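Asks: I'd like to ask some things about the structure below.
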Amino acid sequence: MSAITVSGLRKAYGDHVVLDGLDLDVPSGTVFSLLGANGAGKTTTVRILSTLISADGGEARVDGHDIRREPDAVRAAIGVTGQFSAVDNLLTGEENLRLMADLHHLPRRAGRQRAAELLEQFDLVEAAGKPASTYSGGMRRRLDLAMTLVGSPRVIFLDEPTTGLDPRSRRGMWQIVRDLVAGGVTIFLTTQYLEEADELADRIGVLDQGRLVAEGTADELKRRIPGGHVRLRFADASGLDAAMNLLVDAARDNDALALRVPSDGSLHSLKALIDRLDGRVHVEELSVHTPDLDDVFLALTGPDKVSAR
């Protein structure tokens, strides 16, 4: 079952087209990450799908509900953690959560219980009675996400949730996301940290000038970009010479006694390479090198982009 389906979504401000026919399908209980440069349309997509603004055209359903005809049902099913914290600095952590419980119309006792559960889940019990203004960046972000979860949403939009966090706090947030997905929640993630998408996302979409220019798993996207190769290292020059005779498309490194063989990193291409060498040449060391998401992003966006469909 799909948690989010989008077909032909369009949005423009005057002559400036922000989204130009966006299509998406996000399965339930997964993390989908939308990558793109500033101005590519990531935040606009989140704002439309969370019913904060309307689209100019196209259709979208979230948790089975049409965003245009059933906005209240969509809002009841989702949580949104935006780029900027929604935490009230004048309130304590517990008071922020209880305020959200009141906004969700939870009975007083149920609201207190839900706040206590989330303080425990997000390791904020000791800081529960302190003003949010005294929290570190990582603590504020955890509280912000905990506030999003008060209503037990089935779909959560995380718009650049770890911007400004130190590496330890960022990894702590990643674990929280993994735990939510393990519990059946669907996460729609926008991020500028490509490592974050690589770590968390089941599928990744790359947005450029309002269009989805590529979509797939991190490994699938990396294999589409030129530059992948297998590095073979040999014990002596005779082994290097023998392999070079078999692999005419390889690049030779005499100093390292190594060959660099173009490869898309797939199991099929690796097996084919091993079959060509097996029983003919002794390989001392084999390593597979594929482009990372930085390479994917740079190749698919901007003025020098390439087609990856």
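The values are calculated or read from the model by the stated rules, or taken from the named source; none is laboratory data. All of these numbers come straight from a predicted model, not from anything done at the bench. Counting neighbours? That spans all protein chains shown, and the Cβs are built from the backbone with ideal geometry, glycine included.
Asks: In segment 269-292, what residues are within 27 Å of the chain's Cα centre (by Cα) and not polar (S, T, N, Q)?
Replies: Within segment 269-292, 288, 289, 291, 292 qualify.
Asks: Check whether at least one residue in segment 284-294 is closer than 30 Å to residue 176 by Cα and in a helix (DSSP H, G or I), and report yes or no.
Replies: yes
Asks: Say whether the condition of being over 30 Å from residue 143 (Cα atoms) and either among the charged types (D, E, K, R) or crowded, with 17+ Cβ neighbours inside 10 Å (or both) is met by at least one residue in segment 67-75. Break it down into steps so the answer makes sense when it comes.
Replies: Let us first name the residues in segment 67-75 that are over 30 Å from residue 143 (Cα atoms), namely 68-69.
Checking the rest, the ones that are also either among the charged types (D, E, K, R) or crowded, with 17+ Cβ neighbours inside 10 Å (or both) come to 68-69.
Yes, that holds for at least one residue.
Asks: Applying the selection to segment 242-255, what residues are over 22 Å from residue 226 (Cβ atoms) and exposed (fewer than 14 other Cβ atoms within 10 Å of the Cβ)?
Replies: 245, 246, 254, 255
Asks: Separate question: Being among the aliphatic types (A, V, I, L, M), over 17 Å from residue 46 (Cβ atoms) and at pLDDT 95 or above is true for just one of 185, 125, 213. Which residue is that? Talk me through it step by step, then tell me what you get.
Replies: Numbers: 185 fails: over 17 Å from residue 46 (Cβ atoms); 213 fails: at pLDDT 95 or above.
Result of the check over 185, 125, 213: 125.
Asks: Go through (1) touching a Lys or Arg at 6+ places or on another chain (Cβ under 7 Å); (2) surrounded by 14 or more Cβ atoms within 10 Å (Cβ to Cβ); (3) at pLDDT 90 or above; (4) charged (D, E, K, R) one by one and return the number of the condition residue 264 breaks.
Replies: It fails just one condition, (3).
Asks: Here is a follow-up. Looking at residue 15, is it of a type in the set (Asp, Glu), at pLDDT 95 or above and in the same structural domain as residue 159 (by TED's automatic domain parsing)?
Replies: So residue 15 fails the test.
Asks: Any chance segment 61-84 includes a residue that's outside any helix (DSSP H, G or I), polar (S, T, N, Q) and in contact with a Leu (Cβ under 9 Å, 6 or more places away or on another chain)?
Replies: First, the residues of segment 61-84 that are outside any helix (DSSP H, G or I): 61-70, 78-84.
Adding the requirement that they be polar (S, T, N, Q) leaves 81, 83.
Narrowing further to those that are in contact with a Leu (Cβ under 9 Å, 6 or more places away or on another chain): 81.
Yes, segment 61-84 contains at least one residue that is outside any helix (DSSP H, G or I), polar (S, T, N, Q) and in contact with a Leu (Cβ under 9 Å, 6 or more places away or on another chain).
Asks: Another question, if that's okay. Answer yes or no as to whether residue 29 is touching a Leu at 6+ places or on another chain (Cβ under 9 Å), crowded, with 16+ Cβ neighbours inside 10 Å and in contact (Cβ under 8 Å) with a residue 40 or more places away in the chain. Steps first, please.
Replies: Working: touching a Leu at 6+ places or on another chain (Cβ under 9 Å): no; crowded, with 16+ Cβ neighbours inside 10 Å: yes; in contact (Cβ under 8 Å) with a residue 40 or more places away in the chain: yes.
In short, no.
Asks: Kindly provide the set of residues from segment 217-241 that are surrounded by fewer than 16 Cβ atoms within 10 Å (Cβ to Cβ) and in a helix (DSSP H, G or I), ordered by number.
Replies: Those that are surrounded by fewer than 16 Cβ atoms within 10 Å (Cβ to Cβ) and in a helix (DSSP H, G or I): 219, 220, 237, 238, 241.
Asks: May I ask you to list the residues in segment 81-115 that are over 29 Å from the mean Cα position of the chain (by Cα) and surrounded by 14 or more Cβ atoms within 10 Å (Cβ to Cβ)?
Replies: Answer for segment 81-115, where residues must be over 29 Å from the mean Cα position of the chain (by Cα) and surrounded by 14 or more Cβ atoms within 10 Å (Cβ to Cβ): 91, 92, 94, 95, 98, 99, 106, 111, 112.
Asks: Does segment 190-235 hold any residues that are under 11 Å from the mean Cα position of the chain (by Cα) and over 24 Å from residue 290 (Cα atoms), and which are they? Outline the logic, then answer.
Replies: Residues of segment 190-235 under 11 Å from the mean Cα position of the chain (by Cα): 190-206, 217-218.
None - no residue of segment 190-235 is under 11 Å from the mean Cα position of the chain (by Cα) and over 24 Å from residue 290 (Cα atoms), so the list stays empty.
Asks: Pairs under 6 Å by beta carbon, first residue free of Cβ contacts under 8 Å to residues at least 24 places away in the same chain and assigned by TED's automatic domain parsing to the domain that holds residue 157 in segment 61-86, partner surrounded by 19 or more Cβ atoms within 10 Å (Cβ to Cβ) and part of a loop (DSSP other than H, G, I, E, B), six or more apart or different chains?
Replies: 67/51; 71/51
Asks: Give the residue that is surrounded by the most Cβ atoms within 10 Å (Cβ to Cβ), with candidates limited to residues of segment 165-216 that are polar (S, T, N, Q) and outside any loop (DSSP other than H, G, I, E, B). Before you say what the answer is, go through the steps one by one.
Replies: Going residue by residue through segment 165-216, those that are polar (S, T, N, Q) are 169, 175, 186, 190-192, 209.
Those still in the list that are outside any loop (DSSP other than H, G, I, E, B) too: 169, 175, 186, 190.
Details: 169: 18, 175: 10, 186: 26, 190: 24.
Checked segment 165-216; the qualifying residue surrounded by the most Cβ atoms within 10 Å (Cβ to Cβ) is 186.
Asks: A follow-up question, please. Could you please find all residues in segment 32-60 being surrounded by 20 or more Cβ atoms within 10 Å (Cβ to Cβ) and part of a loop (DSSP other than H, G, I, E, B)?
Replies: 40, 41, 50, 51, 55
Asks: Can you pull out every residue in segment 267-287 that is of a type in the set (Gly, Ala, Ser) and either in contact with a helix residue (DSSP H, G or I) (Cβ under 6 Å, 6 or more places away or on another chain) or surrounded by 11 or more Cβ atoms within 10 Å (Cβ to Cβ) (or both)?
Replies: Of segment 267-287, the ones of a type in the set (Gly, Ala, Ser) are 269, 272, 279, 287.
Of everything in segment 267-287, those that are of a type in the set (Gly, Ala, Ser) and either in contact with a helix residue (DSSP H, G or I) (Cβ under 6 Å, 6 or more places away or on another chain) or surrounded by 11 or more Cβ atoms within 10 Å (Cβ to Cβ) (or both) turn out to be 269, 272.
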